[in-house]
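Please read the structure below before turning to the comments.
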Amino acid sequence: MTSATSTPSSFRLCALSLDPPHASKTDSAQQREQGVVISDLLHNNIFVPVEHGGGPYQLVLALMDRYLRLSVKTEKGAHVLSHHLSLTSFRRLFRDYSLVCESFAAAAARLTPDRLEAIDMGPRAIHDEGSELLRERLKSKVEIDQQTGRRLFTLIHLLVSQTLPAGVD
């Protein structure tokens, strides 16, 4: 999925693609969530490749074994960076995030909004932890803000959950 952004800075993502596209492997709810995450990300993000003069940038994410490949180009297609990020340190967070999201979805059908808000703290805390870990692991290549980190963590979680067979993490 690729889309334009409304963020005025030159240090931002203007396009994001998944390589290869995983739409055929997802159910409609996952496709919807993925679309929302990408749209939100592209409309509000801070993305600053280290020692680069400015974009905006195109980002391609690809899963390769236990690694996430990030390929960054300028809006005009000039190569900026390629990076392979090990996902090993994210395994526990992905597993925990999946569990709390499933629990939250199950509870949504039977709890009042005030009770749902109270249990929403679990997914939020894991989401923040994932964002912080992602920011820390990428800081030598690209600086991102917390919200960009949260959205990228969600997108990476969706990619991992769509790609790996059940029970593999």
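The values are calculated or read from the model by the stated rules, or taken from the named source; none is laboratory data. Owing to the predicted nature of the structure, the values given are computational and were not obtained by experimental measurement. Counting neighbours? That spans all protein chains shown, and the Cβs are built from the backbone with ideal geometry, glycine included.
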Original post:
Any idea which residue in the range 105-128 is modelled with the highest pLDDT, counting only those that are part of a loop (DSSP other than H, G, I, E, B) and surrounded by 14 or more Cβ atoms within 10 Å (Cβ to Cβ)?
Top reply: L111
Subject >> Matching entry among S24, S3 (being modelled with pLDDT under 60, of a type in the set (S, T, Y) and out of contact with any helix residue (DSSP H, G or I) (no Cβ under 9 Å at 6 or more places or on another chain)) >> reply: S24
Original post:
Quick check: is even one residue across the range 129-145 out of contact with any His (no Cβ under 7 Å at 6 or more places or on another chain), surrounded by 13 or more Cβ atoms within 10 Å (Cβ to Cβ) and farther than 25 Å from Q58 by Cα?
Top reply: yes
Original post:
Taking only pairs six or more apart or across chains, which ones have beta-carbon atoms under 8 Å, a first residue in the range 124-145 that is over 23 Å from K73 (Cα atoms), and a second residue that is surrounded by 15 or more Cβ atoms within 10 Å (Cβ to Cβ) and acidic (D, E)?
Top reply: I126/D96
Original post:
Which of the residues spanning the range 41-89 are closer than 20 Å to S10 by Cβ, of a type outside the set (G, A, S) and not in a strand (DSSP E or B)?
Top reply: L41, L42, H43, N44, N45, I46, V50, E51, H52, P56, E75, K76
